[in-house]
1. Being facing another protein chain (nearest Cβ under 8 Å) and touching an Asp or Glu at 6+ places or on another chain (Cβ under 8 Å), is that true of even one residue in the range A:95-104?
2. Return the residues of the range B:40-54 that are surrounded by fewer than 22 Cβ atoms within 10 Å (Cβ to Cβ) and either within 19 Å of A:Tyr57 (Cα to Cα) or in contact (Cβ under 8 Å) with a residue 12 or more places away in the chain (or both); say none if nothing qualifies.
3. Can you tell me which residues in the range A:53-94 are of a type in the set (Gly, Ala, Ser) and within 7 Å of chain B (Cβ to nearest Cβ)?
4. Can you tell me which of A:Ala58, A:Ala43, A:Ala3, A:Ala49 is more than 21 Å from B:Arg115 (Cα to Cα) and either outside any loop (DSSP other than H, G, I, E, B) or free of Cβ contacts under 8 Å to residues at least 12 places away in the same chain (or both)?
5. Sort through A:Phe119, A:Phe74, A:Phe100 and tell me the only one that's touching a Ser or Thr at 6+ places or on another chain (Cβ under 9 Å), among the aromatic types (Phe, Trp, Tyr) and without any contact (Cβ under 8 Å) to a residue 24 or more places away in the chain.
Amino acid sequence: MHALGAFAAGLIFGLGLIVSGMTDPSKVIGFLDLAGRWDPSLAFVMVGAIIVGMIGYAIARERAVAFLGGAMHFPAARQIDQRLILGGLVFGVGWGLAGFCPGPAIVSLGAGQDKAVVFVLAMLAGMALYEIAEYWLARRGRLRAESRP
Amino acid sequence: MQIDWSHFTPWSALGGGILIGAAAALFLLLNGRVAGISGIVGGLLRPARADIGWRAAFLAGLVFAPALYSLWWRLPAPTIEAGWLLLLVAGVLVGAGTRYGSGCTSGHGVCGLSRLSPRSLAATLAFMGAGFATVFAVRHVIA
């Protein structure tokens, strides 16, 4: 049942990205180009999504279990640290260069866009790179802690 | 500032946004999970993979959406200006950045701001600011 709920949510999310025009990188870049001829559409997408999302969250926060069973997994992190900001900045540069963020890129992959295939493969490589770096840093930290007298 | 009236589509943007918000709300209520796409993908690449089922199902929904849409309407033809090399570089930056910063436009931008999370607001300001600066540099400084 959890898989079915996730599939439905992904499907509606993807339809929303197509309807809103956000699967077109030139439209995203049109929003990011404040100094050029500016297309405010992306801001309208965010406003629509956030208003409905707020209603969903208002209902969800009162619940201890999800409708399909299992705990509610609200993000626990609160801190605004270097990781958050640096990660956001790196992501933003990539977003501005290609006009793709993860969701629209995966939907475009489904639409058979060959450039989206390349982007998603590179994105997976970037994510794998992060996992490898995290793994080595954690390992190095452990070794250093063990070698301490 | 000059508005690009020929490309500005307020109604379809708002309508699509409502669908995105509905999907995020549905996922939170049904599955008790945040619809953060970079996190959903990234969780499949962890050394200790967990929850493969629902992650793969959500991504399958995203991938299948164009096929469902095209049953009734014509899929919009995107314009992808970036060349292959730029797409590769951008993809790596988006992948590594979203994982290091714990989220992307969906997780921080839509879900986080819906929860009025200061952390997600800070992340959103960071990636939007970097996006604005990057497009400014590419279109108005380099070009």
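Coordinate-derived values only; no laboratory data. Just so we're clear, the structure is a prediction, and the values are computed from it rather than from any experiment. Counting neighbours? That spans all protein chains shown, and the Cβs are built from the backbone with ideal geometry, glycine included.
1. Within the range A:95-104, one or more residues are facing another protein chain (nearest Cβ under 8 Å) and touching an Asp or Glu at 6+ places or on another chain (Cβ under 8 Å).
2. Step one: of the range B:40-54, the residues surrounded by fewer than 22 Cβ atoms within 10 Å (Cβ to Cβ) are B:43-53.
Hits for the range B:40-54 are B:Gly43, B:Leu44.
3. Keep residues of the range A:53-94 that are of a type in the set (Gly, Ala, Ser), which gives A:53, A:56, A:58, A:60, A:64, A:66, A:69-71, A:76-77, A:87-88, A:92, A:94.
The answer is A:Gly53, A:Gly56, A:Ala60, A:Ala66, A:Gly70, A:Ala71, A:Ala77, A:Gly87, A:Gly88, A:Gly92, A:Gly94.
4. Numbers: A:Ala58 fails: more than 21 Å from B:Arg115 (Cα to Cα); A:Ala43 fails: more than 21 Å from B:Arg115 (Cα to Cα); A:Ala49 fails: more than 21 Å from B:Arg115 (Cα to Cα).
Within the list A:Ala58, A:Ala43, A:Ala3, A:Ala49, the selection yields A:Ala3.
5. Details: A:Phe74 fails: touching a Ser or Thr at 6+ places or on another chain (Cβ under 9 Å); A:Phe100 fails: without any contact (Cβ under 8 Å) to a residue 24 or more places away in the chain.
That would be A:Phe119, the only listed residue that is touching a Ser or Thr at 6+ places or on another chain (Cβ under 9 Å), among the aromatic types (Phe, Trp, Tyr) and without any contact (Cβ under 8 Å) to a residue 24 or more places away in the chain.
Listed here are the residues, each with its yes/no results for (1) surrounded by fewer than 19 Cβ atoms within 10 Å (Cβ to Cβ); (2) more than 7 Å from chain A (Cβ to nearest Cβ); (3) not in a loop (DSSP other than H, G, I, E, B).
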{"residue": "B:Leu71", "(1), (2), (3)": "yes, yes, yes"}
{"residue": "B:Leu75", "(1), (2), (3)": "yes, no, no"}
{"residue": "B:Thr79", "(1), (2), (3)": "yes, no, no"}
{"residue": "B:Ala82", "(1), (2), (3)": "no, no, no"}
{"residue": "B:Leu88", "(1), (2), (3)": "no, no, yes"}
{"residue": "B:Val92", "(1), (2), (3)": "no, no, yes"}
{"residue": "B:Ala96", "(1), (2), (3)": "no, no, yes"}
{"residue": "B:Ser106", "(1), (2), (3)": "no, no, yes"}
{"residue": "B:Gly109", "(1), (2), (3)": "no, no, yes"}
